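The values are calculated or read from the model by the stated rules, or taken from the named source; none is laboratory data. Treat the numbers as computed from the prediction; the structure is a model and nothing was measured. Neighbour counts are summed over all protein chains in view; Cβ atoms, including those assigned to glycine, are modelled from backbone coordinates with ideal geometry. All accessible areas refer to the heavy atoms of the entire protein, side chains included, with ligands and DNA or RNA removed. Shrake-Rupley method; radii C 1.70, N 1.55, O 1.52, S 1.80 Å.
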Amino acid sequence: MINKTSEQLRPLMRLSAFFYFDRIRALLCVSGLLLVAVSAHAETKIHALTKVIEGHSTGGVTVDALGNIYVADFGEIVWKITPEGKRDVFASGLYGASGNAIDHEGNLLQSNFYGDSITKIDRKGQAQPFATSGLSGPVGIAINKQTGDVFVANCRGNSIAKIAKDGTVSLFAKSDLFNCPNGIAFDQEGNLYVVNYRDNKMLKVDSQGAVALFTTISAKGLGHLCFNQKDRFYVTASQSHEIYEVMLDGTVRRILGNGERGIVDGADTKARLSFPNGIVRHPWAQRLYINEFVNETPSTLPRRAIVREIILGADQP
């Protein structure tokens, strides 16, 4: 009786098994599609925020607490650009407008590379001198959030200067490892990091001004860097046409570009960059902003620049 019943149930069991494994295959297929979608979403991508800006080069890039971007042109001008890409002149009359930073009051501190000085520009665009001596080819600026002291990378002087709140300048660090120090930034512990324009080294400077090699990035000279306030830096490899991620343990990973110069929007190695220089992270969104020199060489005339936005992948906190 039991054997007869089993024989009768066997076709039903085979049918149930067919539908069961068919459902498993369907679920695996859907899961695979979801993984592909997530992977595609995780890609770091770049696209143009502005049109090509004729007659200008590239200096520093910074951002305020509202998400407005300030872009220097290595000439006389700093632009204020909204997150939507609307560009207006914020300040003019500068002299080699290079690296910059926003202080805790919302003022823009703008270095003048050719003028060996720092200008303070308030939120309305009114400018006044901040530091006028003791600098030599100032580029990147970093502000110590705890003390308010300002640190400036002196490219020509191969040194780091410290500027007190009253504008008094003193030498903070000097080393043979500096080779036109260009970008400068703090990590969350208050350690200072610097990248060289004339080679591919990233250096760490302790609180006493001692300089040590931190890591090596790309194949050629670097531009600027920014910190994500958590665990990593983003660095422009200006002469290699790439963007790199550098972890606090010194691990280096390229996230955009493949070393070939160009202005091509897209993801990962499909994107092309052209002498990326300034870089800053949005204060709350998964975005970076960079400026690039569009021409084939750094000396080509007429000068042409562009500002682009980088959407960070899901693996970029």
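For the stretch 218-314, just say rounded, prolate or oblate: build the C-alpha gyration tensor, square-root its eigenvalues into a ≥ b ≥ c, call rounded for a/c under 1.5, and beyond that prolate if a/b exceeds b/c, oblate if not. Display every interim value, and only then the final one.
Values: a/c = 1.76, a/b = 1.56, b/c = 1.13.
In terms of gyration-tensor shape, prolate.
Quick one: Kirkwood hydrodynamic radius for the stretch 60-187, alpha-carbon pairs, angstrom, one decimal? Provide the component values of the computation, followed by the final result.
Numbers: mean 1/r = 0.0698 Å⁻¹.
After inverting the pairwise mean of 1/r, the radius is 14.3 Å.
Calculate what fraction, in whole %, of the accessible area of the chain sits on carbon and sulfur atoms when a 1.4 Å probe is rolled over the protein chains. Mind dumping the intermediate values first?
On the way: 8360 of 15510 Å².
C and S atoms contribute 54 percent here.
Here is the link list: Lys86/Lys220; Lys80/Lys145; Lys145/Lys204. Which ones come out longer than 25 Å on Cα distance?
Working: Lys86/Lys220 33 Å; Lys80/Lys145 23 Å; Lys145/Lys204 18 Å.
As for pairs spanning more than 25 Å Cα to Cα, those are Lys86/Lys220.
Using the Cβ atoms and a cut-off under 10 Å, what net charge is assigned to the surroundings of Phe275, where Lys and Arg are +1 and Asp and Glu are -1? Spell out each step's value before the answer.
Working: positive: Arg261; negative: Glu292, Glu296.
That sum, taken over residues with Cβ under 10 Å, equals -1.
Taking the solvent-accessible surface of protein heavy atoms with a 1.4 Å probe, what is the per residue accessible area of the stretch 130-261 in Å²? The partial results should precede the final answer.
Numbers: 5310 Å² over 132 residues.
It amounts to 40 Å² per residue over the stretch 130-261.
To the nearest Å, what is the center-to-center distance of the stretch 82-106 and the stretch 150-196, using C-alpha atoms only?
Cα centroid of the stretch 82-106 versus Cα centroid of the stretch 150-196: 21 Å apart.
For the chain, what is the calculated [θ] at 222 nm in deg cm²/dmol (nearest 500), taking -39500 (n - 2.57) for each run of four or more DSSP H residues and dividing by its residue count?
Working: 1 runs with 41 residues, N = 317.
Value at 222 nm, helices only, nearest 500: -5000 deg cm²/dmol.
Between beta-carbons, use under 9 Å as the cut-off and find the net charge around Ala48, counting Lys and Arg +1, Asp and Glu -1. All intermediate terms of the calculation are to be shown ahead of the outcome.
Working: positive: Lys51, Arg308; negative: Asp265, Glu309.
Here the charged neighbours net out to 0.
If R0 is 35 Å, what FRET efficiency do you get for Ser133 and Lys220 from their C-beta distance, rounded to 0.05?
Values: r = 33 Å, r/R0 = 0.94.
According to the calculation, E is roughly 0.60.
Can you tell me the convex hull volume per residue for the stretch 105-148, based on C-alpha atoms, in Å³ to the nearest whole number?
Numbers: hull volume 3.3 nm³, N = 44.
Spread over its residues, the Cα hull of the stretch 105-148 gives 76 Å³ apiece.
Between Leu248 and Glu54, take the C-beta separation as r, use R0 = 35 Å, and let me know the FRET efficiency to the nearest 0.05.
Values: r = 40 Å, r/R0 = 1.14.
Efficiency for this residue pair is about 0.30.
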